[in-house]
Each structure stands twice: as structure tokens, then as C-alpha cells.
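Take a look at the structure below.
The values are calculated or read from the model by the stated rules, or taken from the named source; none is laboratory data. As the structure is a prediction and not an experimental result, all values here were calculated from the model. Virtual Cβ from ideal backbone geometry, glycine too; neighbours counted across all protein chains shown.
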Amino acid sequence: MGSDTDFIVIGCDGFWDSVTTADDLSPDEKITVRGIFDCVHRALNEKSNPSKVLADLARTKGSEDDITVLVVDLRAAKTVESAR
């Protein structure tokens, strides 16, 4: 994790089983890491709940397991740190 990290995604296997690091899959198959990044940034910018957005996305990709996702927004911590 570096100074340019905006968020952390913590999730259970019901979420991560629907994620792949392969970029050559069809978007219908699994969620790509880039897709996670884009979804979280869009949700944070729209003031919606990124955890719910990712859980719903995992469900649409076929996950039938319990899905728990927590997105920790680190941007606020950076703002406080830079104000010191």
C-alpha cells in the first residue's frame, strides 16, 4: 500500500470468488481488478455505497455464496494528514 492508495477492499470468499486478475475474460464472466477500481471510484464520487455496489456486482456475476464487502475510504485520512 502506498501514498497513492485511495481505498482498501475487504471481502469474504463469496465476493473474491467472483473476481479475477485476468484481463482477457469477457466482462460477463467475472469482475476484474480494474472493474473493482472503477466501481469503487464511481460509487465514492457519486456518494453511493461502494460496498453495496460491489456486493451487487458479485451477485450478478453468479456468486451464490454469502457476500460481504467492506470498502475503507482512505482519502479522508489523507486530507486530515495533509492538514497537519
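Checked against (1) surrounded by 13 or more Cβ atoms within 10 Å (Cβ to Cβ); (2) at pLDDT 85 or above; (3) within 13 Å of the chain's Cα centre (by Cα), residue 20 passes all but condition (2).
Remark: pairs (first residue in the stretch 42-55, closer than 9 Å to residue 69 by Cα and small (Gly, Ala, Ser); second residue modelled with pLDDT of 90 or more and outside any helix (DSSP H, G or I); Cβ separation under 8 Å; 6+ apart in sequence or on different chains) = 51/69; 51/70; 51/71; 55/67; 55/68; 55/69.
Please find, among 47, 52, the residue that is surrounded by fewer than 10 Cβ atoms within 10 Å (Cβ to Cβ), charged (D, E, K, R) and modelled with pLDDT of 90 or more.
Numbers: 52 fails: surrounded by fewer than 10 Cβ atoms within 10 Å (Cβ to Cβ).
Residue meeting the stated conditions: 47.
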